1. Length gain on complete extension for the stretch residue 139 to residue 522, per 0.36 nm per residue less the alpha carbon to alpha carbon distance?
2. Residue 412 to residue 332: FRET efficiency via 1/(1 + (r/R0)^6), r the Cβ-Cβ distance, R0 30 Å, to the nearest 0.05?
3. Express in nm, to one decimal, how much length is gained between residue 174 and residue 481 on full extension, taking 0.36 nm for each residue of separation and deducting their alpha carbon distance.
4. Take the Cβ-Cβ distance between residue 664 and residue 465 as r, set R0 to 51 Å, and report the resulting FRET efficiency rounded to the nearest 0.05.
5. I need 578, 121, 180 ordered by Cβ neighbour count within 10 Å, fewest first.
6. How many nm separate the modelled label positions at residue 822 and residue 368, each set 7 Å beyond the Cα in the direction of the Cβ?
7. Using the 10 angstrom Cβ neighbour count as an exposure proxy, how do 664, 267, 757 rank, fewest first?
8. Quote the FRET efficiency, to the nearest 0.05, computed for residue 213 versus residue 574 with a Förster distance R0 of 60 Å and r equal to the Cβ-Cβ distance.
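Every number in this text was worked out from the coordinates using simple rules, so none of it is lab data. Just so it is clear, the model here is predicted, and its values are computed rather than measured. All Cβ positions, even for glycine, are placed from backbone atoms using ideal geometry, and neighbour counts span all protein chains on display.
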Amino acid sequence: MASIFVAVLLIFFIPFAAIEAQKKTSNLIKLGSSLSPISKPNSWLSPSGLFAFGFYPEKNGFAVGIWIICHPNNTVVWTANRDYPPVSSNSTIEFTRDGRLILNLTQQGTELDIAHVIADRRAVSAYLLDSGNFVLEDNSSVIWQSFDFPTDTILGNQTLYYYRGLVSSVSRSSDHSSGRYGLQMQYYGSQMQDYGNLIAYPVNFTFFDAYWSFVPGMGKYLLNLNLNFNGLLYLGKNISDIQRTLAKSSAYDTKTVIIYRATLDDDGIFRLYSHRFASNTSSIVSMEWSAMQDHCQVHGFCGLNSFCSRNSSEANCYCYPGFVPFNPSKMVLGCYRNFTKQRCNSEESFHLVNITSLENLRFGDHAYSVVPMQKKEDCGKYCLEDCNCAAALHFSGQCRKHKLPLRYGIRNLSDSATAFVKISSKTGVQPKIPNQLITGSSYTPIVVTENKGHLISILAASLGSLACLCIVIASFSFLVYRHRVHKYNKLSDNAKLGLTTEEFSLRSFSYNELEEATQGFKEELGKGSFGTVYKGTLSGGGNKNIVVAVKRLENVPEEDGDSHREFRFQTEVTTIGRTHHRNLVRLLGFCVEGRRKLLVYEYMSNGSVANVLFKATDHQRRLGFKERVRIVLDIARGILYLHEECEACIVHCGIKPQNILMDDSWTAKISDFGLAKLLLPNHMKSITGQSRGVTVTAGLVSSYLAPEFQGQQQQQQQQRWKQDLISVKADIYSFGVVLLEVICCRRNIEVNVSNADEIILSTWVYKCFVAGELYKLVGDEWNEEISRDLKTLERMVKVGLWCVQDDPGLRPSIKSVILMLEGTMNISVPLHPSPCSFQHNP
């Protein structure tokens, strides 16, 4: 019993004794010391000389990190500011006399913090331990250490806490910036016990896309991953608490120095390595353990719309039939369809596409439809009849339909599943796939057309009948049109204008109806550039009442002739009424009686985003971080519809929190779009149209306006941007401001701040981003939830900074914005937004 007690004490004591021993023999780094990438010294060594901290070559420059010194190639185990571009040879690392560890960028005239320490603490010494841990100390304790901020590797005597994670590098040999895979503990907690799964997953997706997991079971303190000096990889509370073993090295030699590291490699597989040093000049690197053996099981190993197949020990990626690779040498970029998808209608399935089958293949993604089906041939036809279906999967008596993109496809000869993929009926070209992958009925199209001659006869007869029918309809329509125009011109001032068949979704109200519905315009909801909004109640079918918002328009232009004025108003309302999207406030009806013009919208019960963010009341709760991220995506999707998907491109020019409303389910919807042509002419800005008809909406406060609209710019800027005036890039700028406001929960301009740098939000956000201090942006809201989702916060910040660039040409399109927000497009490091001197307009 006594021996067991002594053993436990030794396990607990040895790590701390080792640290103290290293500190006594470490190469102390004094205040004022510096490093250069091209002159000595370019690194600081650990006492054993096996670890180094400093500059190492990276792409076309240098990066800062820690590496194991081994021949022929060093092994990088940690990188500072890993997603910052490589620095030039003129840069320096300095341990300043005021106790900061900084990277000086001479060419840019800026500096970056390598170690982010609390502002009121300053280091007095620094050293690199033989464990590979770089440490800063004040007079009493450690204030920062690299072990607390791992990148893709943990070393012996290091703990990976559950709220941290590993992110693979782009390339272990040449690019150590953040890669495509992550490793983290998926946490489920309660007051009594902790439960978690150690999972590996694609970083741009959710935990549900995990492709590997280690389930330790339920119990206390199973949430931290540890690696000790002897190569034992296990879960436990800390480095001395062994609860559940994950891997263990069998190597042991008292005459050889062995360094262990556990790395999430750039191929997405978590591995344990050993470095054996027989001398200080040579080493042997061995893989001790691997979490996975099959690359095809790694989600994202092959890009979108491609599948993985093993050929003996090698995994290869192939495009599905009907798809071609973006880059044949980089299949991770995925594939795209080699034909254009037609409009979703019944004709497409039978005349423009066929379906082909692939045996022993399945998709790893979720299906949007699952139905019982015994015959696999019926599954192919079932997908063919659905124009939204890109591929289907048949196995275990079920047919699963999938939309594009197709993800995580794997072909395994032991798998009984059969995949069906749509291809164009006009192309007989099949993708270049090795013959051994084609078995059974693979690549045999299911014929969906009959005899060609018979089909041509049917088509000719149908087209002839259709032509005659069109002539009859055109003649009848012309007569009806003449009759209605004649009748329309005779309408009096107070006539209520009905809607034609193309405006069937709108309802015409009388002024008295809306006055009664709003109880004499009693309850005011808000007031904006276009008029005042009132709450109203209309009687619906089945004795149900419908709550609506009634906007009484102001500043509507008066034109010569009553019929002209009313016709113009009806035309604009028609345009607005045709816009239907989940993230746009829907127009339900209108009223026009002489000079009185009103619009009836659906009622948004949760008010505006401005109220939720800046004027929280007892009736409105504070939105969490994930909810605010969802709101940003809702706004972006609404703008995408206005810019690219509706019948006529609509440039809002009024994107601000006051114009973003929240419905019952807290879905964000954009309001006040498409009303610009109802304003007086002197309220309009000059317009330079784009390829499609552009409708402009004015009325934005100056802090949300793009720089090209704010007063007199410099002559050079005017010459450069004059062609971009009133373009979609103006909305991108306003969206960027709103994005930063939503994420940071503060206005774009705040006067009552502790530091002058915080007055303009975009400037403050950029400084926090460069300094690696994103936690300041969320303030008191910083918690474990956000710390675990730090990549999302960083992604949102980078997108916002690109959107608020002064130069419209640097701002991304709204489609690129959505791809970046969703994590499907890489985001480069943003430039300084160079904000103009805004004039505060509360």
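1. Answer, rounded to one decimal: 131.1 nm.
2. Details: r = 20 Å, r/R0 = 0.68.
Efficiency for this residue pair is about 0.90.
3. Between residue 174 and residue 481, full extension yields an extra 103.5 nm.
4. After rounding to 0.05, the efficiency reads 0.55.
5. Sorted ascending by nearby Cβ count, the order is 121, 578, 180.
6. Label at residue 822, label at residue 368, 1.1 nm between them.
7. 664, 757, 267
8. The computed FRET efficiency comes out at 0.65.
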